[in-house]
Amino acid sequence: MAIGRKDHLTSGSGTVVRPGDRNAKPRSVCDDRHMVARLRSLTNRWTFLVPVLAVILLIFTWGRDLPGPVVAVVTAVLAGAVLAAVHHAEVVAHRVGEPFGSLVLAVAVTIIEVALIVTLMADGGDKSSTLARDTVFAAVMITCNGVVGLSLLVGSLRHGTAVFNPEGTGAALATVATLATLSLVLPTFTTSKPGPEFSGVQLTFAALSSLVLYGLFVTTQTVRHRDYFLPITRQGEVISQDDHADVPSTRTAWISVALLGLALVGVVGLAKGVSPTIESGVAAAGLPHAVVGVVIALLVLLPETIAALRSARRDRVQTSLNLALGSAMASIGLTIPAVALASVWLSGPLVLGLGATHMVLLALTVVVASLTVVPGRATPLQGGVHLVLFAAYLELAVNP
């Protein structure tokens, strides 16, 4: 049979035959499907095993001084538990759909953050008085500049422009700005208590305000105006379903919920185990103690960052922004009340007020983010601006 200019022929059985490959074994299209299935099976296996391994390792290392080799093993398992948490949170998110999926991951990550902050504050005494402030502010800078910047950059480079719904994103940004100002800026200027601290009444008001605002936003996002937070096409049409994969079964989703819980317990406990190593490393490097808060925030926000970048690659930038701003909001709206409650039995002061440099960075972030959100679409320039702000924050954290 004359082949002419065709590069290959496909037989009726689905095999691909290339010219000149007479002695080669024909490759079936089904082989690719089997390979994908094997890779998916391998992924499922390690994401099932790592959370269990993390909890077992936590049981054997809890409350003990860890030597260097054990710290290395714990760190590796910790990283695996973070990635497993991402996987299972995405399974749950895919089952419940947007914007509930972003909310699940944001709350899960915030639970990690709150547990770490309270644990380290209980162990650290007076030297940890600024840990809550440093970690929460780091979370705001990481999400609103780092995660948002990377998501916009990846989405716009891969798809031309990054598109999102300005109504929902603007509402989220306004809530983040209000929470940050009430909880992190006002303590610097109040006079009821010396230093950048709230009095008992003021701290109670800030905690209740944070809970109310966060609750109102969640209601708006999930009930009243859910369509504002769904991904949109370039023509502005809402994408209500994800066409990239089949929806997981209810049984699979519940299994992922259980494994997500195990992974989060493992992450919190193992991170506490390596936290003395983090603190001693920061001190040995001659860095400010505030860097500890940055490291904690970077660690607990790694699942959010990975999930946001995956969504941006799939042209679901709205989901990425839901994750980023939702995490910033949950970090303030849930951490401040939890720390306020914990301060009842924790010894030492609770410093929440930001310094002048950080207030300038926060104000600039809010202004730039507002200008980014208004058009409803972004180019690599907007992503680059946010990333430069994030780099400035990191540089000033190391060299204040």
Report summary line: Filtering the range 200-243 for residues that are in contact with a helix residue (DSSP H, G or I) (Cβ under 9 Å, 6 or more places away or on another chain), β-branched (Val, Ile, Thr) and either modelled with pLDDT under 90 or over 30 Å from Ser183 (Cβ atoms) (or both) leaves a count of 6
Query raised in the report: Can you tell which of Thr277, Thr252, Thr357 is hydroxyl-bearing (Ser, Thr, Tyr), free of Cβ contacts under 8 Å to residues at least 60 places away in the same chain and surrounded by fewer than 24 Cβ atoms within 10 Å (Cβ to Cβ)?
Result: Thr357
Requested in this report: Show the residue pairs that are 6+ apart or on different chains and have beta-carbon atoms under 7 Å apart, the first residue being within the range 174-196 and free of Cβ contacts under 8 Å to residues at least 40 places away in the same chain, the second being buried (at least 17 other Cβ atoms within 10 Å of the Cβ) and of a type in the set (A, V, I, L, M).
Outcome: Thr178/Leu213; Leu182/Ala206
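Table: residues versus (1) assigned to a helix (DSSP H, G or I); (2) crowded, with 17+ Cβ neighbours inside 10 Å; (3) among the polar types (S, T, N, Q); (4) touching a Pro at 6+ places or on another chain (Cβ under 8 Å).
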{"site": "Thr143", "(1), (2), (3), (4)": "yes, yes, yes, no"}
{"site": "Leu152", "(1), (2), (3), (4)": "yes, yes, no, yes"}
{"site": "Ser156", "(1), (2), (3), (4)": "yes, yes, yes, yes"}
{"site": "Ala172", "(1), (2), (3), (4)": "yes, yes, no, no"}
{"site": "Ala177", "(1), (2), (3), (4)": "yes, yes, no, no"}
{"site": "Ser183", "(1), (2), (3), (4)": "yes, yes, yes, no"}
{"site": "Pro187", "(1), (2), (3), (4)": "yes, yes, no, yes"}
{"site": "Gly195", "(1), (2), (3), (4)": "no, no, no, yes"}
{"site": "Leu203", "(1), (2), (3), (4)": "yes, yes, no, no"}
Query raised in the report: Within the range 333-375, can you find the residues that are at pLDDT below 90 and within 22 Å of the chain's Cα centre (by Cα)?
Result: Gly333, Leu334, Thr335, Ile336, Pro337, Ala338, Val339
Query raised in the report: Does Arg310 satisfy being more than 30 Å from Arg64 (Cβ to Cβ) and more than 13 Å from the chain's Cα centre (by Cα)?
Result: no
Report summary line: If you go through Thr319, Thr335, the only one that is in a helix (DSSP H, G or I) and touching a Gly at 6+ places or on another chain (Cβ under 8 Å) is Thr319
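Are any residues in the range 209-231 assigned to a helix (DSSP H, G or I), of a type in the set (A, V, I, L, M) and either more than 24 Å from the chain's Cα centre (by Cα) or over 23 Å from Val140 (Cβ atoms) (or both), and if so, which ones? Spell out the reasoning first.
To start, the set of residues in the range 209-231 that are assigned to a helix (DSSP H, G or I) comprises 209-224, 226-229.
Right, trim to of a type in the set (A, V, I, L, M) and you get 211-213, 216, 218, 223.
Listed by number, the list holds a single entry, Val223.
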Query - Single residue of Val77, Val52 found to be within 29 Å of Ala342 (Cβ to Cβ) and either part of a helix (DSSP H, G or I) or under 14 Å from the mean Cα position of the chain (by Cα) (or both) - result: Val77
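The values are calculated or read from the model by the stated rules, or taken from the named source; none is laboratory data. Predicted, not measured: the structure shown is a model, and the values here were computed from it. A quick note on method: Cβ atoms are made from the backbone with ideal geometry, for glycine too, and the neighbour counts reach across all protein chains shown.
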